[in-house]
Amino acid sequence: MMNTEKTVPAQGNSPQACALPIVRGRRRKTQRVVIYGPEGVGKSTLAAGLPAPLFLDTEEGTLHLDADRLHVETVPQMREACRTIFREAKAGSLPYKTVVIDTGDRLWDMCAQEVTAAAKVESIEAIGYGKGYAQASEMFVSLLAMFDALRSAGLHVAVVCHSRVETVSPPDSEAYTMYTVKVNAPAKQAATAKDKLREWADAVLFCNFVTVVTDAGKAKGGTCRKVYTEHRATWEAKNRHGMDPVVEMTPEALAPIFADFEVPAVPIGQMPAPDAPDAPEEPAANSPKDLGFDHELVADEDALLVEYFVHVNRLKPGQSLADLPQQVKAALAARRAGALEKARAWKGGLA
């Protein structure tokens, strides 16, 4: 699917051209993919076949693979890894095309650990009224924004997750069970993180073993595995590429997702050296580059947050986020997505 975007000419009886920057046509973009399924089905092996992958391994689940990886054990380590990858990708010195987070459910656990450490409690349950789960989910969603920044640097992003079976109770029919992305929290508390992850992804792919019904009417498991690309009552899935509902569990079967971004299968050690980029400008201390990626990605959000904190008397005019009280800065680091939502609501006159 090549870029076919073009400017749309003015329509209708108006003698003046439309001032809106309307465009038409398909647009080529790097992809966000969620690959989930039960333990041992081969999710990581499948992800290793994506275009030039680099794993951010959160639970040592890729040690059996001949793959390039960074071990990531905490949320700060994940953020720092993403920042470094972003800078290298922007500089043209990164020999990878896909960043694979393995696994997403372990990443949520890391967010929960950050929340409990900040609250100085031993368990997230000790933070009453479900607030601990909400804070962990907000932190998880903020990491999805960092993954989007990697995408803006020209990288595909894949999140590998385990699955679990949950009961669904629709208002118009009887309850049933289905496979869903695993988050280590009660179903209600896990909903925010899972919903945002599904919305974020361009493709949600469910991998599973095929169960065969014998002539005697008994179910028999096997070694055959498939990838399910469309939503059904028994599993969550989606794709935006017109894929068959069921495909083989091979990297080749996922080609429609990455068709416009194919790269030669060159071993990492033989990757051609990129042209030497211009030396990147060193950011000033405490600049938006230190807080996230580069200026255009975070400056607008930081400016909005400053306005909001001035409005609620947490900052004085002329101050920056660095001038916030330490307790407020810690809360902002843990719940930036929620703070931005409140700031946007205030800015839009909704609060």
Looks like segment 109-263, by Cα gyration tensor root eigenvalues a ≥ b ≥ c and the a/c under 1.5 rounded cutoff (else prolate when a/b is bigger than b/c, oblate otherwise), is oblate
Taking amide H positions as placed 1.01 Å from N in the peptide plane, with prolines and chain starts having none, which residues 5 or more places from Leu70, or on another chain, fall under 5 Å of its amide H? Phe55, Leu56, Asp57
Per-residue accessible area, 1.4 Å probe, largest first, puts Leu20, Leu321, Leu143 in the order Leu20, Leu321, Leu143
Please report, for the Cα atoms of segment 36-115, the Rg to one decimal and the Dmax as a whole number; what are they, in angstrom? 12.9, 38
What accessible area per residue, rounded to a whole number of Å², is obtained for segment 70-160 using a probe radius of 1.4 Å? 39 Å²
Using a 1.4 Å probe and ignoring any ligands, DNA or RNA, find the accessible area of Arg240 and quote it in Å² to the nearest 10. 140 Å²
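The values are calculated or read from the model by the stated rules, or taken from the named source; none is laboratory data. Everything numeric here is computed off the predicted structure, so don't read it as measured data. Surface areas here come from the heavy atoms of the whole protein model, side chains and all, with no ligands, DNA or RNA. Shrake-Rupley method; radii C 1.70, N 1.55, O 1.52, S 1.80 Å.
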